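Read the structure below first, then the notes.
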Amino acid sequence: MIPGAFLILVVPLAVAGIGYILGQWRRLTGLLATVTAFMMGLAIATLPLDRPVAFWGGREIAMGEAVDILGRELGFTPSARWSMAFIFFAAAGIFLVAWAVHAHSLLYSIGLGSLSLLCTALLIRPLIYAALLVEIVAILSVFALQKEGQSPSRGAIQFLTFSILALPGLLVTHWLLERYALTPNETSLLSAAAILLALSFALLLGILPFHTWVTGITRDSMPFSSTFVLTIGQSTVWFILFAFLETYPWLTTYLRHNPAVLTLGVTMSAVGGVLAAGQRRLGTLMGYAVLADTGCILVAFGIDASSSLSLMLLALLVRPIGLTLMAAGSAKLTDWGLNDSSDKLKGLGWKHPLSTGVYIVGGMSLAGMPITAGFVWRWALYRSVAVQNVGQAFLLLLSSCGVVAGLLRAATLLLDYSGKSDVPSATITFRVWEWSTTAIVVLATLGCIGVGLWPQRIAPLATQIAASFTLLVK
Amino acid sequence: MPTLADLLSRISFLSAMPAVVGILLTGIVLVVSREWHLDVLALILQYFCVVLLLSRLTQIEVAAVKGLIGWMICMVFYLTERRAGETEQDSMDKSIEPSAQSRRWMISARASFSLLASLMTTVVAYTAALRIPLPEVPDDISLACYLLAGLGLLMAGMSQSPIRIAMGLLTFLSGFDLFFVVLEPSLAVAGLLGVVSFLVALTASFLRATELDTPAVEAESI
């Protein structure tokens, strides 16, 4: 009998190894990574946890069975199951679109290896190991973030630095909370743990003022790799924060529904929106849009509403859609324009309307505009915040408008008629989108709009996942 | 043949304040120097001092393994920088010779600033060790932890080269490791922290190699 946790750990790692060996065949590696991630997600989401299932060759898979690694138990919990299913499906989506637009092959091997480690982090207890595994994933991500044949990515170095700085806080928090459990009278331990935990997660999530790495990686790193970090990586960090709060419920009173967290979220969103409005580079705009979005997630974390957790999970579910589309558009446009400086991008939209359209739709989704996936949770968030404070809801709305203003500036630049003739035609005719690329990207765009038009398909899923965090949802 | 324990017992007189002073001096050298040979040597000595202090807090074998990981990291840095030096030597343009004089002056100003910053960090670390001593560790080790963390952060913050940033981060991690080994004596945690340190070194080495492969025009534009 094969324990499910063992499969989750080994299969992506093995395929990552094969993918690395087959590195020069990018298309094959990408396809392999996409299929593996999708199949793993499907297995986690559908196979029963309470009984083994007969599989190929008479072998049985017991998804719910725990496995011991280095004396630590990796056991399935309902919340870990849904979190893992989500990260595998999101990764499959990112790999598929990256495959369609010919992203570089290290993304697939590093991505699959990271998925294995991130799932282990979600399953393993005590959480001290989860923190170390997340750290290892952050360091490995630098290899995928680095652009081929370019100077070392400053964003990637900043990401590495901030991740390392977050480690001590996470590890010491664990020790402080264990001590607090033994001596509940020493409340100073609890407040110290809460401060350290908040600081560490702020560093890992790129929360103001530790946000420089977010815009750094979107500016000068591989677009799909930064999307992977900002969706899969960040979602896992949020899930681990939830696990901390479930394991040590005393922390909840300090961190959740806290007015300071709410204010920080609103400020972060407003800053992201304002700075996004002034951007003319595609990558930087993407970074500030993410900053504004993370601010909104923080607001959802801070509001005192029963739907708080569902809103956060809905935000994490829809973020990969918008960000992947932005990455696809940005990857293609910067590839054609050679880099994303404004003079190179001028007029490129006339030659490549699909890439431009995809980038704009993805950005609209990240800004939470109507008829896109991002609107599904933003509208619900604005309504929840408005009940408590209309001013804060208005600021959040303005931050969305800031991101849209940035997108309009980018669109104006890309569709600048005067720069149309500057585009080297030889480059364009050489690199046309293939039919498969067009089909996948158009489907992803339609999916983004479809989720925005029919939110009833995805919203119950977020509520269902939220229900699996039994202590937090109360 | 003397065992590891015998060897460490012979130099046990170094495992208190002399090791802390060693950490301070190597830390300052790392912050101030821009000569990679000196940096690697300082890092080797720093790991030696950390091992001496660790030997008071944990099993000698664990301390030795941590030291070995540190010295392997130094080896990675040495090989990377040596290779980089050879590559850069080949492509060095002799026409920049006249500006060497002004460059030397600039380095001197930078070194003075770095020295001042590292002295200020030392004062802050000393004050922190007096006012907020770390739990579960002796005072001198508390000071060593603060020094390593402070000087490591300073080095990472003041550098642009991937290798120097990694050296700063590893110094910071050494400081934390010295403290955390008392709080969590688990071998698995020690092993994973070693993996983290080694991966940081490999990543820095990878980025340095990328820097060498970058065409000069592109590197200047960025």
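The values are calculated or read from the model by the stated rules, or taken from the named source; none is laboratory data. From a predicted model like this one, the values you see are computed outputs, not experimental measurements. So basically every Cβ, Gly included, is an ideal-geometry build from the backbone, and we count neighbours across all protein chains shown.
Summary table
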| quantity | calculated |
| --- | --- |
| Which listed residue, of A:Ala98, A:Ala92, A:Ala131, A:Ala121, is buried (at least 23 other Cβ atoms within 10 Å of the Cβ), among the small types (Gly, Ala, Ser) and either in contact with a strand residue (DSSP E or B) (Cβ under 6 Å, 6 or more places away or on another chain) or within 28 Å of A:Thr437 (Cα to Cα) (or both) | A:Ala98 |
| Which listed residue, of A:Val214, A:Val271, is crowded, with 23+ Cβ neighbours inside 10 Å, aliphatic (A, V, I, L, M) and either modelled with pLDDT under 90 or on the phi < 0 side of the Ramachandran plot (or both) | A:Val214 |
| Verdict on A:Pro168 being facing chain B (nearest Cβ under 7 Å), in contact with a Ser or Thr (Cβ under 9 Å, 6 or more places away or on another chain), outside any helix (DSSP H, G or I) and not polar (S, T, N, Q) | no |
| Helices (runs of 4 or more DSSP H) wholly inside the range A:26-131 containing at least 1 residues that are within 14 Å of chain B (Cβ to nearest Cβ) | A:106-123 |
| Boolean, A:Pro184 is more than 20 Å from the chain's Cα centre (by Cα) and either surrounded by fewer than 22 Cβ atoms within 10 Å (Cβ to Cβ) or within 12 Å of chain B (Cβ to nearest Cβ) (or both) | yes |
| Residue match in the range A:229-244 (condition: closer than 21 Å to A:Thr120 by Cβ, at pLDDT below 90 and not in a helix (DSSP H, G or I)) | no |
| For A:Val15: the one exception among (1) exposed (fewer than 14 other Cβ atoms within 10 Å of the Cβ); (2) among the β-branched types (Val, Ile, Thr); (3) touching a Ser or Thr at 6+ places or on another chain (Cβ under 7 Å) | (1) |
| Whichever residue in the range A:140-152 is buried (at least 24 other Cβ atoms within 10 Å of the Cβ) and at the interface with chain B (Cβ under 8 Å from one of its Cβ atoms) and, among such residues, is farthest from the chain's Cα centre (by Cα) | A:Pro152 |
| Among (1) out of contact with any Asp or Glu (no Cβ under 7 Å at 6 or more places or on another chain); (2) more than 30 Å from B:Asp213 (Cα to Cα) - the single one A:Leu115 does not satisfy | (2) |
| Flag for A:Leu160 being in contact with a Leu (Cβ under 9 Å, 6 or more places away or on another chain) and touching a residue at least 24 places away in the same chain (Cβ under 8 Å) | no |
| Conditions (1) more than 11 Å from chain B (Cβ to nearest Cβ); (2) of a type outside the set (Asp, Glu); (3) surrounded by 24 or more Cβ atoms within 10 Å (Cβ to Cβ); number of the one not met by A:Ile157 | (1) |
| The range A:56-80 residues that are more than 17 Å from A:Leu117 (Cβ to Cβ), paired with ones that are part of a strand (DSSP E or B) and charged (D, E, K, R) (beta carbon under 7 Å, 6 or more apart) | A:Ala66/A:Glu73 |
| Helices (runs of 4 or more DSSP H) completely within the range B:1-81 that count 3 or more residues being closer than 18 Å to B:Leu147 by Cα | B:17-32, B:36-57 |
| Lone unmet requirement of (1) farther than 13 Å from A:Phe228 by Cβ; (2) in contact with a Ser or Thr (Cβ under 8 Å, 6 or more places away or on another chain); (3) in contact (Cβ under 8 Å) with a residue 40 or more places away in the chain for A:Leu133 | (3) |
| So A:Ala260, is it under 21 Å from A:Tyr129 (Cα atoms) and of a type in the set (A, V, I, L, M) | no |
